[in-house]
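Peer 1: Shown below is the structure under consideration.
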Amino acid sequence: MAPLPDPDLLRPESALPGRRLSELAEQAVRCTPACCGASTTVTDGGDEHPAAVTHPDLAGLVSVQLRSGEGPIPAAEERGTPVDADDLLRDERWPEYRAMALDSGVRSSVTLPFQRAGLTVTLSLFSFRPGALDDAPHGPAQALGDLATASFVRDRHYRAALSELDQMGTALRTRPVVDQACGIVMHVLDCEADAAFTVLRRISQTTNRKLADVAAALVETKGRGLERELVSLAR
């Protein structure tokens with residue numbers, strides 16, 4: 001019976017990619033017969049490509065693929081389907097990866113990709129024996145990868161929600177100052193609230209300052225000495 005997923009894989013608090021990738025790799029090795037090690041990566045298409053391995057000797061196998069853009073990991077990310085190397089002694093693809101794998105004693109590997117909401121997670125399994133990982137794409141490792149990918153996506157949404165709440169909190173805290181500044185502009189220019197807010201926004205954009213900072217400075221001076229500038233910006 002396959003081991004149950006680590007409860008940490010289900011928690012938004014476990015958001016560090018390195019920790020979650022390591023957990024996925026270690027659990028996949030434990031539940032895959034004939035597997036001697038595993039590596040995991042995650043990417044959203046940007047420059048960062050966090051990775052984890054269960055043994056230091058496997059780190060080179062990952063880095064050579066990410067550096068050269070050739071190997072099971074790049075191929076799986078591009079195709080979105082598992083990529084296997086049944087016997088690297090006879091496989092002529094990816095010369096750098098193949099040579100490094102054989103030098104480490106690895107004879108076969110399979111890379112499973114998991115794609116969801118703009119994220120791609122890969123799980124690569126390695127074996128010292130040829131043809132030993134044929135069933136991996138249909139075994140517990142597949143379920144573990146699906147679970148980990150869903151958790152990555154949920155964590156991403158969780159962090160985005162926290163960021164949005166923080167922005168909303170900042171907006172609520174600065175709203176009174178912005179309202180006061182709008183009142184000053186309305187008085188100086190004899191205009192409506194929408195026009196006053198537009199003037200503040202123009203000042204913010206042209207001076208490359210936050211709207212809240214512009215409003216605070218205007219409130220502090222009560223608009224004195226800025227009448228001419230406000231009139232010119234209102235045109």
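The values are calculated or read from the model by the stated rules, or taken from the named source; none is laboratory data. Small disclaimer: the values here were computed from a predicted structure and weren't measured. Cβ placement follows ideal geometry from the backbone for every residue including glycine, while neighbour counts extend to all protein chains displayed. Surface areas here come from the heavy atoms of the whole protein model, side chains and all, with no ligands, DNA or RNA. Shrake-Rupley method; radii C 1.70, N 1.55, O 1.52, S 1.80 Å.
Peer 1: Considering only residues that are assigned to a helix (DSSP H, G or I) and open to solvent by 20 Å² or more (accessible area, probe 1.4 Å), which ones fall in region 91-119?
Peer 2: If the condition is that a residue be assigned to a helix (DSSP H, G or I) and open to solvent by 20 Å² or more (accessible area, probe 1.4 Å), then Pro95, Glu96, Arg98, Ala99, Met100, Leu102, Asp103 are the ones that fit.
Peer 1: Another question about this same structure. Any residue that is closer than 21 Å to Asp146 by Cα, modelled with pLDDT of 90 or more and surrounded by 22 or more Cβ atoms within 10 Å (Cβ to Cβ) - is there at least one of those in region 63-75?
Peer 2: yes
Peer 1: For Leu89, state whether it is without any contact (Cβ under 8 Å) to a residue 24 or more places away in the chain and over 23 Å from the mean Cα position of the chain (by Cα).
Peer 2: So Leu89 does not fit the description; no.
Peer 1: Looking at region 174-192, which of its residues are part of a helix (DSSP H, G or I) and either of a type in the set (Asp, Glu) or touching a helix residue (DSSP H, G or I) at 6+ places or on another chain (Cβ under 7 Å) (or both)?
Peer 2: Thr174, Val177, Val178, Asp179, Gln180, Ala181, Cys182, Ile184, Val185, Met186, Val188, Leu189
Peer 1: Another question, then. Could you tell me which of the residues Glu23, Glu96 is under 19 Å from Ala143 (Cβ atoms) and either in contact with a Leu (Cβ under 7 Å, 6 or more places away or on another chain) or modelled with pLDDT of 95 or more (or both)?
Peer 2: After ruling out the rest, the residue left standing is Glu23.
Peer 1: Which of (1) surrounded by fewer than 21 Cβ atoms within 10 Å (Cβ to Cβ); (2) over 22 Å from the mean Cα position of the chain (by Cα); (3) at pLDDT 95 or above does Pro82 not meet, given it meets every other one?
Peer 2: For Pro82, the failing item is (2).
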